[in-house]
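Values in this text are rule-based calculations from the coordinates and carry no lab data. Note that the structure is a prediction, hence the values are computed from the model and not measured. We place every Cβ from the backbone using ideal geometry, glycine too, and count neighbours over all the protein chains shown.
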2 protein chains.
Amino acid sequence: MANGNRGPSMHDVAARAGVSHQTVSRVLNDFPGIRPETRDRVLAAIDELGYRRNLAARALVTGRTQTIGMIGPEIPDIGPLSTLHGVERAARAAGLHTMMTSADPASESVREALDFLVGRGVDAIALVAQQRSVREALEGFDERVPVIHLLTGGDPAGAAASIDQRAGARLAMDHLLDLGHTRIQHVSGPPSYTEAQLRREEYGAAMSDRGLEPLEIIEGDWTTDSGFAAGSALDPTATAVFCGNDDMALGLIHALVTAGRDVPGDISVVGFDDTPASRHSLPPLTTVHQDFGAVGAWAVALMIAARDGLEPPSAELIAPTLVERSSTAPL
Amino acid sequence: MANGNRGPSMHDVAARAGVSHQTVSRVLNDFPGIRPETRDRVLAAIDELGYRRNLAARALVTGRTQTIGMIGPEIPDIGPLSTLHGVERAARAAGLHTMMTSADPASESVREALDFLVGRGVDAIALVAQQRSVREALEGFDERVPVIHLLTGGDPAGAAASIDQRAGARLAMDHLLDLGHTRIQHVSGPPSYTEAQLRREEYGAAMSDRGLEPLEIIEGDWTTDSGFAAGSALDPTATAVFCGNDDMALGLIHALVTAGRDVPGDISVVGFDDTPASRHSLPPLTTVHQDFGAVGAWAVALMIAARDGLEPPSAELIAPTLVERSSTAPL
DNA sequence: GGATCGGCTGGGACCGGTCACAGGCCCGCG
DNA sequence: CGCGGGCCTGTGACCGGTCCCAGCCGATCC
């Protein structure tokens, strides 16, 4: 072991165990046909030396790193964060490792992140693609490494893992409509987000399905502040508001209550996300729960299939659920 | 380029540009003393071939991966998450890459995560060590890769980047005390967290510094639900509550209001974290803001110093600030 | 004019694993 | 007693970069 301070190598182990490096390799990779006694000697040597396999060397020859890359947004919202966390857990369960980097939605930045991960030799990439511009960055990206899209909302079929946004929006709207509301307004997220776009569309569809005229849509940016601002822009005849996410709903309620209106007495509010804060806001928020962990797990399944050249499992969206709390009431 | 489907190698580029692989390497690494004309030819060849350097090969010979590892908790709270995000950004700015894995606080799990990262050849590790048990996992971990602790609260000096918890707790307490409150109760996080421990101690210190007797401390688990539960365990004589974090404060306020008490009319509440939801909760929450991004940046500075064998910059804690909103009022 | 020197380039070993292949040994069989 | 065939093991090439060293060239110097 006369190599700098690099730690023992396979040859050192081999020498100590009195075998060849190849035998050590076989033990490490669980190859059959090794005499138990030999195997034990090798294992003992590994232990004594504190040997640890060098993955760079391994990756160099195999061309596989057993690592998947993840690209998330610069500003981490609860959704992407939870999803990537789900990916990480599912990957670890599958014996894979994860490497994460972030990128703002500009194509340039996404391309950079992609290049970085490909350069690191990841076997597949999970890309949070809530915004259309992120997906556009992939145009002409004909790399040999498969890319799975996350949280596209179910817009494009194909290699993507998402929550069914239309279904979620319909859940919220039907809840409000079933309570008797007809003047329902929508505070949406930025239209650059596919999810916001889909929730918007479904808002309109849900209204017209009941023969109702949609009210003007107020555009927010997902933050509590923008929800607060939306409060003063609300249609005075509205008796219910479907908010694009919980944070905006919280801000909106704050504005409403400040203006002397009672929630849900005067006006009902429903959110989207089921954040921790929504459980105990005043009033506790009726909202749509999304299982981000399931999205992550599904993404990993897709990546493994893609990596191994298998047919991808049939596309399937994760179904959201409605959580009824106290921010909504019958008209 | 007759190698499987591995993409072009340095030799392919060299052949195309009519130079040696060594010259290509020099161009790639910005070595001086290359004729501009030669350099351009190489660059052109790289571009035409879509060549990309194989980092596994590079890491194999240099022994450096230009990557830092991060270990976060299984359940991602806002603090660790924001901090790791800060590490990621600062690392990228320094030309380093990050690889993240998570571990539950059990020593076993932390050791595994450590081993994994060391095996991947990271140059340094940032470890979220809010809980004492996490730090204990490092006993006898004499690896050659430096480990920086995150969010220890400033308890142990040394290779750690944290926010000054004592100062933050003092900020919250002095605010309440200056408003004239004397019956102040504390809802703390789990004592296994150093941060919770430090906030607790400072609560007691702040009280006795003014000659006041501390009230019984209620123990929560950081969640809104535990804050809600704390609401019914509150000392009836308390006129103010210092909560260990915003989520618990939100749950507590919910319980209080449900029980018919007014915040801040009957009782003042201050939180800790400055989460997005706290800006527009009802009432908007007075809380302590922590600059997690700065912690991340500081951690990266420490890691670079450690990696290069430099003397670590003198230990310094990030100072929190008080954000006054509407959940507190004079007695 | 020959030696020296600096700018620029090439040749080969090496990092630490995996893979393909070639044995050595011992057994059973004819 | 010789030979084929498992079982188990060793040998050497190779992955794609970086590092060390040598060599070429023209210009400068004495």
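The DSSP beta bridges internal to segment B:222-331 are antiparallel in roughly 40% of cases. Taking every DSSP beta bridge that has both residues in segment A:154-286, what percent is antiparallel when rounded to the nearest 5? In segment A:154-286, approximately 0 percent of DSSP beta bridges are antiparallel ones. Mean separation of Cα pairs under 8 Å and 6 or more residues apart, divided by the residue count, gives segment A:75-192 a relative contact order of 16 percent. Seen from every direction in turn and averaged, the convex hull around the alpha carbons of segment B:40-167 projects onto 10.1 nm². Radius of gyration (Cα atoms) of segment A:215-268, expressed as a multiple of 2.2 N^0.38 Å: 0.98. Count Lys and Arg as plus one, Asp and Glu as minus one, and take only other residues whose Cβ is under 9 Å from that of A:Asp273; the net charge is then -4. The value of relative contact order for chain B, using C-alpha pairs under 8 Å at least six residues apart, is 16 percent. Highest mean packing comes first when the peptides A:324-331, A:97-104 are listed by Cβ atoms within 10 Å, giving A:97-104, A:324-331. Helices assigned as whole DSSP H runs in chain B whose Cα atoms extend at least 27 Å along their own long axis and whose mean Kyte-Doolittle hydropathy is -1.0 or higher are not found. Based on DSSP H segments of at least four residues, each scored -39500 (n - 2.57), chain A has a per-residue ellipticity at 222 nm of -13000 deg cm²/dmol. Neighbouring Cβ atoms from other chains, within 10 Å of the Cβ of residues in B:50-57, number 5 on average.
Just for chain B, what percent of DSSP beta bridges are antiparallel, to the closest 5? In chain B, approximately 10 percent of DSSP beta bridges are antiparallel ones. Across segment B:1-73, Cα-Cα distances exceeding 19 Å account for 42% of all pairs.
With just the Cα atoms defining each centre, how far is segment B:179-204 from segment B:299-314? Give it in Å. Value for the Cα centre distance between the two parts: 33 Å. Across the copies of the chain, B:Leu212 has label points (7 Å from Cα along Cα→Cβ) spaced 5.0 nm apart, shortest distance listed first. For the residues of A:59-66, the average number of beta carbons from a partner chain within 10 Å of their own beta carbon is 4. Convex hull volume of the Cα atoms of segment B:57-111, normalised per residue: 83 Å³.
Restricting segment A:1-80 to GluC sites (Glu not before Pro) that sit in a DSSP loop and have at most 15 other Cβ atoms within 10 Å of their own Cβ leaves A:Glu74. Partner shielding of B:216-226 amounts to 1, given as the average count of beta-carbon atoms from other chains within 10 Å of each residue beta-carbon. Computed from the C-beta positions of B:Leu28 and A:Glu108, the FRET efficiency with R₀ = 30 Å rounds to 0.85. For all pairs of alpha-carbon atoms in segment A:172-331, what percent lies in each bin of width 5 Å, listed from the first bin to the last filled one? Here the calculated profile for segment A:172-331 is 2, 9, 18, 21, 19, 12, 7, 5, 4, 2, 1, 0, 0.
All other residues whose Cβ lies under 13 angstrom from that of B:Thr328 are scored, Lys and Arg at +1 and Asp and Glu at -1, for a net of -4. The calculated Kirkwood hydrodynamic radius for segment B:250-291 is 10.6 Å, given to one decimal from all distinct C-alpha pairs.
For the protein assembly as shown, the pair-distance distribution built from all alpha carbon pairs, in bins 10 Å wide starting at 0, is 3, 14, 21, 23, 19, 11, 6, 2, 0 percent. Cβ-Cβ distance of B:Arg53 and A:Asp221, R₀ of 41 Å, FRET efficiency by 1/(1 + (r/R0)^6): the value works out to about 0.55.
For A:Arg144, inter-copy separations between label points set 7 Å beyond Cα along the Cβ vector come to 3.1 nm, shortest first. A label point on B:Arg6, set 7 Å along the Cα-to-Cβ line, lies at 1.8 nm from each of its counterparts in the other copies, closest listed first. A prolate overall shape is assigned to chain B, the ratio a/c of its alpha-carbon gyration tensor axes (a ≥ b ≥ c) being 1.5 or greater and a/b exceeding b/c.
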